Amino acid sequence: MSFIAEVAARRVPVVARAATVQAPRQFSTTFAAQKTVTETAKDTLKTVDRKVSDKLVDGINASSKAAEKVAGKTTEANYKAAGSAEEIRGKAKGEAEELKGKAKGVAKEAEGKVKGAMQ
């Protein structure tokens, strides 16, 4: 007998016996869908981690927006302060020029009085 025929002859009785004896089957489709405790814990931790990281990202975005607003207000205040400082300088310069003109006018007036008195 050839090797293949010999192996086939040995296996046929095993297959025949397995076909005649039926093993009891469990009728449950939920077992395959059930998760183990570790899988459930992993899923829970992933969900919590995701929610925490989302909140952290929201907090970072809010703080960067607040920083931008503060920087904008600071820059705006600096421009206003610079503008008011220049305005004050301009007013002071104008008043100084006005007083200078008055002083020159008084000096000319006094000079005219002195010349009028000398004549």
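Just so it is clear, none of the values below were taken in a lab; they were calculated from the coordinates. These figures come from a predicted structure and were not determined experimentally.
Partners of Lys46 within straight-line reach, counting lysines whose Cα lies under 17 Å from its Cα and excluding those fewer than 8 residues away in the same chain: Lys35, Lys55. Cross-link partners for Lys69 among the lysines, with Cα-Cα distance under 19 Å and sequence neighbours closer than 8 places in the same chain left out: Lys80.
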